[in-house]
Amino acid sequence: MTKILVTGSLGQIGSELVPALRARYGVEKVVATDIRPPEEVTIDGPYAVLNVTEANDWEEVLAKDQFDTIIHLAAILSARGEMKPLQTWDINMTGTMHALEAARAYGMKIFAPSSIAVFGMGTPKTMTPSYTVMRPQTMYGVTKVAMELLFDYYYHKFGVDTRSLRFPGIISYRTPPGGGTTDYAVEMIREAVKRGHYTSFVGPETQLDFMYMPDAISAMIALIEAESDRLKHRNAYNVTAMRFTPEMLGREIKRHLPDFTWDYAVDPLRQRIADSWPDAVDPADAVAEWGFKTSYDLSRMVEDMIRALKTSQEHAPAHM
Ligand code: AKB
């Protein structure tokens with residue numbers, strides 16, 4: 001591994017993936033990029049401004065270093081994408097095309113996360129396989145299906161080493177997610193620790209797949225490092241670690257915080273999105289082809305999240 005370029009590195013995934021990559025390969029080997037100027041971000045290693053829709057930004061970043069891998073994270077997620085569908089198409093697709101063209105021109109490997117949002121009408125709801133009907137009902141899902149197809153196209157047509165996996169909802173405490181439908185789960189745990197109460201925007205029995213951030217990081221690194229000829233379903237692999245409803249999550253939180261209460265004010269948009277996604281995807285291909293595994297189930301994840309959020313609350317500066 002010589003050098004890795006990460007787009008969207010200040011988001012929920014990037015803010016934890018970049019330090020993990022730097023710990024593994026060396027600080028100077030990972031160039032973090034995002035749209036925000038350097039004076040607005042905490043820099044603990046190489047950082048460059050990269051608006052993924054701007055060809056000039058790509059040229060500047062690619063001219064400065066020789067990379068062998070791009071990790072393309074910049075994207076607008078499902079719920080925010082429904083507020084601004086055209087902007088979502090532009091950012092998600094123009095960004096992906098620039099990333100793919102850079103990978104092709106410079107002979108780089110490229111990884112980008114896809115999502116359970118590729119599924120929709122006609123997809124089997126339970127034990128959803130990797131290869132199945134993909135007719136998403138959100139612009140975010142449409143852009144992720146298009147990205148998967150382009151990854152296949154660039155692999156077969158140009159020999160670009162493209163790799164992708166389909167993330168479910170990702171739970172983490174360092175940087176909150178933004179604009180997703182599965183965000184309710186992160187919000188519920190955060191609010192339980194902070195205020196002792198949460199009002200969920202998806203209904204009590206809505207079951208979805210989730211993963212805890214440490215497992216998501218390990219999965220990305222395992223797929224990026226996997227031997228190329230083992231990857232038969234490369235674009236893209238289903239991955240998941242747990243599946244639960246808001247009721248199940250609320251009850252699990254209550255085991256640690258007995259005073260926690262929760263109720264519901266269902267948001268029709270996000271409920272419709274959640275209802276269009278599977279209840280439980282099947283990660284069998286990821287397990288068979290690159291040894292996908294997880295360490296956190298619902299109970300370990302909730303325990304760790306509450307511990308970490310309490311610790312950061314204790315260390316937060318007191319308000320004047
Ligand atoms: C979202 O809710 O939009 C994302 C996703 C499942 O890709 N977390």
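The values are calculated or read from the model by the stated rules, or taken from the named source; none is laboratory data. On a predicted model such as this, the values are computed, not experimentally measured, just so you know. Please note: Cβ atoms are built from the backbone with ideal geometry, for glycine as well, and neighbour counts cover all protein chains shown.
Based on this model, can you work out whether Val202 counts as touching a helix residue (DSSP H, G or I) at 6+ places or on another chain (Cβ under 6 Å), within 16 Å of the ligand (Cβ to nearest atom) and either part of a loop (DSSP other than H, G, I, E, B) or modelled with pLDDT of 95 or more (or both)? Yes; evaluated as a whole, the condition is true for this residue. Here Met188 clears all of (1) assigned by TED's automatic domain parsing to the domain that holds Arg230; (2) more than 24 Å from Val52 (Cβ to Cβ) except the condition numbered (1). Of Asp229, Asp259, Asp215, Asp304, all but one fail to be outside any helix (DSSP H, G or I) and of a type in the set (Asp, Glu); the exception is Asp259.
Condition check ((1) buried (at least 23 other Cβ atoms within 10 Å of the Cβ); (2) under 16 Å from Pro214 (Cβ atoms); (3) at pLDDT below 95) across all residues:
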site	(1), (2), (3)
Val6	yes, no, no
Ala23	no, yes, no
Ala32	yes, no, no
Glu39	no, no, yes
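Where helices (runs of 4 or more DSSP H) fall entirely within the stretch 65-119, those with at least 2 residues that are in the same structural domain as Ala222 (by TED's automatic domain parsing) and buried (at least 24 other Cβ atoms within 10 Å of the Cβ) are at 78-83, 95-106.
With respect to the stated conditions, Met220 fails to be touching a strand residue (DSSP E or B) at 6+ places or on another chain (Cβ under 9 Å), assigned to a helix (DSSP H, G or I), in contact (Cβ under 8 Å) with a residue 40 or more places away in the chain and outside the structural domain of Val118 (by TED's automatic domain parsing). Can you spot a residue in the stretch 230-248 that is surrounded by fewer than 17 Cβ atoms within 10 Å (Cβ to Cβ), touching a residue at least 40 places away in the same chain (Cβ under 8 Å) and polar (S, T, N, Q)? Scanning the stretch 230-248, I find no residue that is surrounded by fewer than 17 Cβ atoms within 10 Å (Cβ to Cβ), touching a residue at least 40 places away in the same chain (Cβ under 8 Å) and polar (S, T, N, Q), so the answer is no.
Which one is nearest to the chain's Cα centre (by Cα), of the residues in the stretch 152-174 that are of a type outside the set (Ser, Thr, Tyr) and in a loop (DSSP other than H, G, I, E, B)? Of everything passing the filter in the stretch 152-174, Pro168 is nearest to the chain's Cα centre (by Cα). Evaluated against (1) out of contact with any Pro (no Cβ under 8 Å at 6 or more places or on another chain); (2) more than 12 Å from the ligand (Cβ to nearest atom); (3) more than 29 Å from Tyr47 (Cα to Cα), Glu82 falls short on exactly one condition, (2).
Against the numbered list (1) more than 14 Å from the ligand (Cβ to nearest atom); (2) touching a Ser or Thr at 6+ places or on another chain (Cβ under 7 Å), Leu223 comes up short only at (2). Contact annotation: no residue pair with Cβ atoms under 7 Å, 6 or more positions apart or on different chains, pairs a residue in the stretch 263-281 that is free of Cβ contacts under 8 Å to residues at least 12 places away in the same chain with a partner that is hydroxyl-bearing (Ser, Thr, Tyr).
Which of the residues that make up the stretch 144-188 are touching an Asp or Glu at 6+ places or on another chain (Cβ under 8 Å), of a type in the set (Gly, Ala, Ser) and more than 9 Å from the ligand (Cβ to nearest atom)? Result: Ser164, Ser172. Among residues of the stretch 110-139 being within 19 Å of Met93 (Cα to Cα) and out of contact with any strand residue (DSSP E or B) (no Cβ under 7 Å at 6 or more places or on another chain), the one that is nearest to the ligand (Cβ to nearest atom) is Ala117.
Somewhere in the stretch 23-42, is a residue part of a helix (DSSP H, G or I), under 24 Å from Glu225 (Cβ atoms), among the polar types (S, T, N, Q) and touching a residue at least 12 places away in the same chain (Cβ under 8 Å)? For the stretch 23-42, residues part of a helix (DSSP H, G or I), under 24 Å from Glu225 (Cβ atoms), among the polar types (S, T, N, Q) and touching a residue at least 12 places away in the same chain (Cβ under 8 Å): absent.
The single condition from (1) surrounded by fewer than 16 Cβ atoms within 10 Å (Cβ to Cβ); (2) more than 16 Å from the ligand (Cβ to nearest atom); (3) within 30 Å of Lys84 (Cβ to Cβ) that Trp262 fails is (1).
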